[in-house]
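Before we start, here is the structure in question, set down as C-alpha cells.
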Amino acid sequence: MNFDEVLDRIGGFGRFQKTLYVWICLPQIFLAFHMLVSVFTGAVPPHLCRSTWPLGDVGSPRLGFNFSIAPGDSCTSVQDGLLSQLNHSLPITEHSSTSNGCMGGWEFSKEVFLSTVVTEWDLVCENATLNNIGSSIYMFGLLVGAVLFGTLSDTYGRRMIILIGLAVQAIFGVGVAFAPNFYIYVLLRFVVGMTISAVIMNAFVLGTEWTGPKRRMLAGVITDYFFGFGYILLAGVAYLIRDWRKLQLAISAPGFLFLFYIWVLPKSARWLMASNKHEEALDLIRKAALINGKPLEDDDIELCQSPKNSEKVQDLRKYTVIDLVRTPRMRKQSLILFYLWFVNVLVYYGLSLNISDFGMNIYLTQMIFGLVEMPARTITLFTLNRSRRISQLAFLAIGGLACLLTIFIPDGR
C-alpha cells in the first residue's frame with residue numbers, strides 16, 4: 001500500500017495529527033505579527049518641520065499646534081497649515097521645510113504613536129522612499145527564504161528547517177528592536193522575512209504530509225485560522241504598546257519559547273521514506289499508530305516495508321521545479337497559478353500593509369481586517385471540495401469588483 005493508505009490505516013487525522021497541528025498552528029500567530037507589524041512600526045504620524053514654527057517658552061509650537069493640519073504624507077502643505085492656524089505670516093527661510101529639506105529637524109505627533117521607525121530616523125519627505133524600500137527588501141526576504149528553505153527542506157527535512165527558522169526568527173526579531181540605524185534595521189528585517197517563509201511553508205507541508213487525504217483540506221485551512229487570529233491579536237498588542245522598539249520586542253521575544261519544539265515536533269515519515277530512511281520512518285509510523293489507538297500488526301508493517309510502497313514514495317524524488325514548465329500543459333497551468341498568486345498577494349498585502357491610508361482608526365481597521373479572515377477561511381471549506389475552478393473564479397471576480405468600486409467612493413468618506 002502507498003503512504004496515503006498507511007495514513008488511513010493508522011488514522012488519517014487522529015490524536016497524533018491533532019497534537020502535531022497544535023505545534024504547527026501556534027507559530028502562525030507570531031508569523032502574522034511579523035508580517036503585519038510594519039503597519040504600526042512603520043507608520044507615518046502627522047509631522048512638521050521645527051524650524052517653521054514660532055517657539056514658545058519651552059521650544060514647542062505656540063498656541064498648541066494642531067498636528068491634524070499637518071498630514072503625515074505631506075511635506076509641502078505643512079507651512080501653509082501652520083500659517084492658517086497661527087493667523088500670521090511666517091517667512092520661509094533657508095531653515096524652513098522646503099525642497100532643500102528640513103534643517104531644524106522634524107516634530108511628530110504622539111497622539112497615536114509614541115515612536116515609529118519613521119519618527120526615529122526622520123523617514124519623511126526626501127527620505128520617505130527609504131521606508132518603502134525597507135518594506136520591499138523585507139518582502140524580497142520572503143522570496144529568498146521561499147526558494148532557499150524550500151530547497152533545503154527536501155535535503156534536511158521539514159522539521160529541521162522549521163526549528164532553524166523559529167530560532168533565527170526569534171534572534172533576529174529581537175535584534176530588530178535594538179537596531180542602531182535604519183540600514184541595520186532593514187537587514188535584520190530581511191532575515192526575519194526569510195525565516196517566515198521557512199516556517200510557514202514547511203509547517204504546512206509537515207502537517208499535510210502526516211494527514212490522510214480525507215482531512216487534508218481541513219488541516220490545510222486550520223493553520224490559516226491561527227494566522228487570522230494573530231492578525232486580530234496584533235491590533236490589541238499594538239494598541240497597548242505604542243513604542244515601536246517595545247512592540248517589536250513584544251512580538252519577537254516569545255519566539256524563544258518554541259525551543260521546546262526540539263522535543264515535541266516530529267519529522268515527516270513521508271520525507272524519511274523518500275530519503276531512504278525506512279527504519280526511522282517505520283518507528284514514527286508505529287508511534288503515530290499507537291497514539292491514535294490503532295497499533296500496527298506484523299502484516300501491516302510488512303506491507304509498509306514492501307518494495308511497491310517504497311517505489312511509489314521514492315518516485316516523488318525524481319521531480320524538480322523544472323517539471324512545472326517542462327510540458328505545454330504543465331507550463332500553462334503553472335503560469336496561470338503563478339499569475340493568480342501574484343494578483344492575490346498584490347491585493348492582499350497592498351491593502352493589509354496600507355490600512356493607515358484608510359483614514360480610520362488604525363487599530364480598529366486592523367482588527368476588522370483580521371475578523372474578515374475568519375468567515376473567508378470558513379467559506380473555503382464549503383467550496384473547495386465542490387469546484388476549485390468555479391470558486392477561484394467567483395472569489396477573484398468579487399474581489400476585483402470590490403476593488404474597482406472603491407474608485408467611486410467620494411474623498412473624505
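Mind listing just one residue for me: the one in region 195-220 that is at pLDDT 90 or above, open to solvent by less than 30 Å² (accessible area, probe 1.4 Å) and hydrophobic (A, V, I, L, M, F, W, C) and, of those, nearest to Phe149 (Cα to Cα)?
Going through region 195-220, the residues at pLDDT 90 or above turn out to be 195-211.
Next, only the ones that are open to solvent by less than 30 Å² (accessible area, probe 1.4 Å) stay: 195-199, 202-203, 206-211.
If we keep only those that are hydrophobic (A, V, I, L, M, F, W, C) too, we end up with 196, 198-199, 203, 206, 210.
On the way: Ile196: 10, Ala198: 5, Val199: 9, Ala203: 12, Leu206: 14, Trp210: 20 Å.
Only one residue fits best here, namely Ala198.
Hey, could you check region 314-325 for residues that are free of Cβ contacts under 8 Å to residues at least 12 places away in the same chain and surrounded by 13 or more Cβ atoms within 10 Å (Cβ to Cβ) and say which is nearest to His278 (Cα to Cα)? Don't jump to the end; show me each part of the working.
The initial filter retains those residues of region 314-325 that are free of Cβ contacts under 8 Å to residues at least 12 places away in the same chain, namely 315, 318-325.
Keeping just the survivors that are surrounded by 13 or more Cβ atoms within 10 Å (Cβ to Cβ) gives 324-325.
On the way: Leu324: 28, Val325: 32 Å.
The residue in question is Leu324.
Name the single residue that is nearest to the chain's Cα centre (by Cα) among those in region 124-140 being part of a helix (DSSP H, G or I) and among the β-branched types (Val, Ile, Thr).
Ranking the candidates gives Ile137 first.
Return the pairs, sorted by first residue and then second, in which the second residue is among the β-branched types (Val, Ile, Thr) and surrounded by fewer than 24 Cβ atoms within 10 Å (Cβ to Cβ), the first residue lies in region 231-254 and is free of Cβ contacts under 8 Å to residues at least 24 places away in the same chain, the beta carbons are less than 6 Å apart, and the residues are 6+ apart or on different chains.
Close Cβ pairs satisfying both conditions: Ala250/Ile241.
Would you mind finding the one in Ser68, Ser74 that is of a type in the set (Ser, Thr, Tyr), within 32 Å of the chain's Cα centre (by Cα), modelled with pLDDT under 85 and open to solvent by less than 20 Å² (accessible area, probe 1.4 Å)?
Ser74
Mind checking which pairs have a first residue in region 156-173 that is within 18 Å of Thr208 (Cα to Cα) and β-branched (Val, Ile, Thr) and a second that is at pLDDT below 95 and open to solvent by 10 Å² or more (accessible area, probe 1.4 Å), Cβ under 6 Å, 6 or more apart or different chains?
These pairs meet every condition: Ile161/Phe149; Ile161/Leu152.
Follow-up question, since we're still on this one. If you scan region 124-142, which residues turn out to be in contact (Cβ under 8 Å) with a residue 40 or more places away in the chain and closer than 17 Å to Leu353 by Cα?
Ala128, Leu130, Asn131, Ile133, Gly134, Ser135, Ile137, Tyr138, Met139, Phe140, Gly141, Leu142
Would you point out the residue of region 1-26, among those that are aliphatic (A, V, I, L, M) and in a helix (DSSP H, G or I), that is farthest from Leu290 (Cα to Cα)?
If we take residues in region 1-26 being aliphatic (A, V, I, L, M) and in a helix (DSSP H, G or I), then Leu26 is farthest from Leu290 (Cα to Cα).
Taking the condition of being among the hydroxyl-bearing types (Ser, Thr, Tyr) and either surrounded by 10 or more Cβ atoms within 10 Å (Cβ to Cβ) or in contact with a helix residue (DSSP H, G or I) (Cβ under 8 Å, 6 or more places away or on another chain) (or both), how many residues in region 386-411 meet it?
Residues that pass the stated criteria total 2.
Out of the residues in region 146-162 meeting the condition of being among the small types (Gly, Ala, Ser) and in a helix (DSSP H, G or I), tell me which one is least open to solvent (accessible area, probe 1.4 Å).
By that ranking, first place goes to Ser153.
How about region 3-62: which of its residues are open to solvent by 30 Å² or more (accessible area, probe 1.4 Å), at pLDDT 85 or above and within 25 Å of Asn131 (Cβ to Cβ)?
If the condition is that a residue be open to solvent by 30 Å² or more (accessible area, probe 1.4 Å), at pLDDT 85 or above and within 25 Å of Asn131 (Cβ to Cβ), then Phe30, Val44, Pro46 are the ones that fit.
The values are calculated or read from the model by the stated rules, or taken from the named source; none is laboratory data. This one's a predicted model, so the numbers in the text were calculated from it and none came from an experiment. Cβ sites come from the backbone with ideal geometry, for glycine too, and all protein chains shown count toward neighbours. For the accessible areas, the whole protein counts, side chains as well, though only heavy atoms, and no ligand, DNA or RNA atoms are used. Shrake-Rupley method; radii C 1.70, N 1.55, O 1.52, S 1.80 Å.
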